[in-house]
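Taken together, the values in this text are just the output of simple stated rules run on the coordinates, not laboratory data. Fair warning: this is a prediction, and the values are worked out from it, not measured in the lab. FYI the Cβ positions are ideal-geometry reconstructions off the backbone, even for glycines, and counts take in every protein chain you see.
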Amino acid sequence: MTTTLARLVGPDVALASGVGSLVVSGLTADSREVQPGYLFAALPGTHVDGAKFITQAFERGACAAIAGTGTYTGSGIVIETANPRQLFAKAAARFFGKQPDLTVAVTGTNGKTSVASFVREIWQAMGFRAASLGTVGLVAPDAHRYLAHTTPDPVQLHSILAELSENHVEHLALEASSHGLAQYRLDGVRFSAAAFTNLTRDHLDYHKSVDDYFDAKMRLFEELLPTGAPAVINADTSRGMEAIRRAEARDLKVFSVGKSGTGLKLVSSTRDGFGQQLVIQAPRKRHSVYLPLVGEFQMSNALVAAGLVIATGGEETLVLHSLESLHGAKGRLELVGKSKSGAPIFVDYAHTPDALENAIVALRPYTDGKLVVVFGAGGDRDKGKRPLMGAAAARHADIRIVTDDNPRTEDAAAIRAEVMATCPDARDIGDRAKAILTAVDGLAAGDVLLVAGKGHEEGQTIGKTVIPFSDHDAVRAAIRGEAYHG
């Protein structure tokens with residue numbers, strides 16, 4: 001696959017005479033991956049500036065480089081721009097070219113993975129070849145593979161989009177993370193619609209404030225969606241109405257959902273076993289739907305997903321009744337098994353205070369005895385979340401066990417201590433497998449156990465090493481009465 005430099009950088013970039021005809025055979029932002037004929041993107045990083053590697057890229061055969069204005073003074077063809085990340089993302093889109101015909105994005109703190117998965121499931125129920133892309137990786141009719149980031153880098157992302165298109169997958173739901181939006185990784189994707197779930201505290205180790213975090217999310221609506229495109233917004237959250245105002249100011253077609261929604265209005269909900277009976281007022285008529293999922297937040301996620309499909313042309317009766325066959329994403333309030341006493345055990349990805357509280361509260365109606373939670377907090381991330389998570393567990397769970405999540409390069413015991421500052425009567429069991437085994441062994445009839453924090457993940461990061469670890473497998477081993485070793 002080759003193209004010209006002029007085609008990659010587009011009409012808005014002025015190139016010196018003769019430079020535009022240079023043939024480009026690939027592109028990368030990693031100088032170690034440069035091959036002869038590649039376009040190298042020297043991107044500014046959190047710890048290292050890519051401009052330091054331009055000379056190395058040229059030595060490896062790069063034909064040209066993209067860099068920030070004034071960051072490189074050596075020889076070689078360097079395209080200077082005020083926003084090298086954005087130019088690189090758009091260049092990747094032009095290089096790979098093909099994309100699914102209908103791509104929708106979902107952003108927000110919690111619920112992105114569930115919404116993207118639900119959209120894919122609904123489309124599949126309607127007979128489309130559909131895929132979802134995000135935290136649990138790429139899930140497509142002929143592929144399921146994990147990715148390093150919720151929102152991949154532009155080269156990987158557009159390579160996947162082209163692959164999906166070539167495999168006749170023309171419906172895609174993807175997660176738009178705040179990092180991906182702030183770093184312009186999604187620029188160049190042709191979006192048909194987008195959705196907003198909610199906003200709670202997260203990633204303040206990266207974003208300067210909650211408002212800065214919210215502004216990053218809003219880039220999806222204010223810069224990436226075409227005018228007149230549908231914006232599906234959960235109207236029941238604290239930032240929902242602000243998101244609606246900002247979407248309307250951009251002349252997007254707002255389709256709000258929830259108890260306060262005008263597109264899909266939740267009239268009532270009744271718990272029904274490990275599911276919920278919903279009455280939903282849709283644009284055409286009122287529908288009664290059984291949702292086979294636990295928790296009010298999953299109900300909200302399902303409405304957002306249904307709204308995305310309806311807003312992009314799905315027939316409302318078919319879409320809403322497709323909710324009755326949803327399975328949900330792995331590790332999202334997922335019933336993994338039952339203890340020998342019959343107590344149900346759930347695994348959830350909750351790693352923010354709000355998500356943890358929502359998961360615990362969702363399980364309270366199913367608890368006749370004690371509600372037990374095993375949880376922790378990640379290292380090298382927003383430290384302010386830790387006492388808030390401890391407080392959430394202290395308020396809503398009966399028995400609390402604080403364990404290691406992904407301590408990364410921080411001291412694991414110190415992280416647990418910060419969590420337990422607001423949850424002092426919790427048990428401190430750093431070994432996650434031992435914590436899960438202890439919790440399962442202590443379950444009595446009528447109890448419910450929530451193992452929170454890692455969800456779908458199949459590794460635990462200690463230091464800079466990822467060791468094999470699955471909450472699902474640890475729970476199943478504990479049910480059998482066996483020690484889990486990863």
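Which lysines have a Cα less than 20 Å from the Cα of Lys340, not counting those fewer than 8 places away in the same chain?
Lys370, Lys434
Under the rule of at least 5 residues apart or a separate chain, name every residue whose amide H is placed under 5 Å from the amide H of Val78.
When sequence neighbours closer than 5 places are left aside, the close amide H contacts are Ala65.
Counting other beta carbons within 10 Å of each residue's own, what order do Ser268, Ser31 fall into, fewest first?
Ser268, Ser31
When only alpha-carbon atoms count, how far does the stretch 340-412 stretch along each of its three principal axes, as whole angstroms with the largest first?
That works out to 39, 24, 17 Å along the principal axes.
If you take every residue apart from Thr312 with its C-beta less than 14 Å away from the C-beta of Thr312, what net charge results, scoring Lys and Arg +1 and Asp and Glu -1?
Net charge in that neighbourhood comes out at -1.
Amide H to amide H under 5 Å from Leu27: which residues, 5+ apart in sequence or cross-chain, H placed 1.01 Å off N in plane?
Those qualifying (amide H under 5 Å, at least 5 residues apart or on another chain) are Leu39.
Placing unit charges on C-beta atoms (Lys and Arg positive, Asp and Glu negative, everything else neutral), compute the dipole magnitude of the chain about its Cα centre in debye, rounded to 20.
It works out to roughly 460 debye.
Any idea how far the Cα center of the stretch 216-254 sits from the one of the stretch 19-36, in Å?
36 Å
So how do Ile79, Ile54, Ile467, Ile122 line up by other beta-carbon neighbours within 10 Å, fewest first?
Final ranking by Cβ density, sparse to dense: Ile467, Ile79, Ile54, Ile122.
What are the ³J(HN,Hα) couplings of the stretch 325-330, residue after residue, when phi is run through the Karplus curve with 6.51, -1.76, 1.60 and θ = phi - 60°? Round to Hz, x for glycine and proline.
Going residue by residue, I get 10, 5, 10, x, 7, 4 Hz, with x marking Gly and Pro.
Given Tyr213, Ser260, Thr227, which one lies farthest toward the positive end of the charge dipole of the stretch 97-325, if we put +1 on the Cβ of every Lys and Arg and -1 on the Cβ of every Asp and Glu?
Ser260
Can you list which of the trypsin sites (Lys or Arg not before Pro) found in the stretch 1-72 are DSSP loop residues with at most 16 other C-beta atoms within 10 Å?
Within the stretch 1-72, the qualifying trypsin sites (Lys or Arg not before Pro) (loop, at most 16 other Cβ atoms within 10 Å) are Arg60.
For Leu225, what charge total do you get from the other residues with a beta carbon under 14 Å from its beta carbon, if Lys and Arg give +1 and Asp and Glu give -1?
Value of the local net charge: +1.
Taking a threshold of 27 Å on the Cα-Cα distance, which of the pairs Lys265/Lys385; Lys112/Lys208; Lys330/Lys385; Lys52/Lys383 fall above it? Before the final figure, lay out each step's value.
Numbers: Lys265/Lys385 32 Å; Lys112/Lys208 22 Å; Lys330/Lys385 24 Å; Lys52/Lys383 31 Å.
Exceeds cut-off: Lys265/Lys385; Lys52/Lys383.
In a Debye calculation with equal point scatterers on the alpha-carbon sites of the chain and no solvent, what is log10 I(q)/I(0) at q = 0.13 Å⁻¹?
-1.24
To make sure I understand the rule: partners must be aspartates and glutamates, Cα under 19 Å from the Cα of Lys217, and not fewer than 8 residues away in the same chain. Which ones qualify?
Reachable aspartates and glutamates: Asp153, Glu175, Asp187, Asp202, Asp205, Asp236, Glu242, Glu248, Asp251, Asp354, Asp382.
Between Ser260 and Asp411, what length comes free when the chain is fully extended (0.36 nm per residue of separation minus the Cα-Cα distance, one decimal in nm)? Write out the running numbers ahead of the final one.
Numbers: separation 151, 0.36 × 151 = 54.36 nm, distance 4.42 nm.
Length gained, Ser260 through Asp411: 49.9 nm.
In debye, nearest 20, what is the charge dipole magnitude of the stretch 3-94 about its Cα centre with +1 on Lys and Arg Cβ and -1 on Asp and Glu Cβ, if you could check?
Approximately 160 debye in magnitude.
What percent do you get for the relative contact order of the chain when only Cα pairs under 8 Å and 6+ apart count?
It rounds to 10 percent for the chain.
Using the Kyte-Doolittle scale, which helices in the chain average at least -1.0 and also have C-alpha atoms spread 27 Å or more along the helix axis, with helices defined as whole DSSP H runs?
Membrane-span-like by this rule: not one helix.
For the stretch 138-214, what relative contact order do you get, as a whole percent, if you take Cα pairs closer than 8 Å and at least 6 residues apart?
Result for the stretch 138-214 is 26 percent.
Which whole-number percent is the relative contact order of the stretch 3-94 (Cα, under 8 Å, 6+ apart)?
24 percent
Grab the DSSP H runs of the chain that are 4 residues or longer, score each as -39,500 (n - 2.57), total them, divide by all residues and round the 222 nm result to the nearest 500 deg cm²/dmol.
Computed mean residue ellipticity for the chain: -9000 deg cm²/dmol.
Could you name the aspartates and glutamates in cross-link range of Lys98, using Cα to Cα under 12 Å and dropping any fewer than eight places away on the same chain?
Within reach: Glu163, Glu166, Glu170.
Going by amide H atoms built from the backbone, whose H comes under 5 Å of the H on Val232, apart from near neighbours?
Answer set, sorted by chain and number: Ala194, Ala195, Phe196, Phe255.
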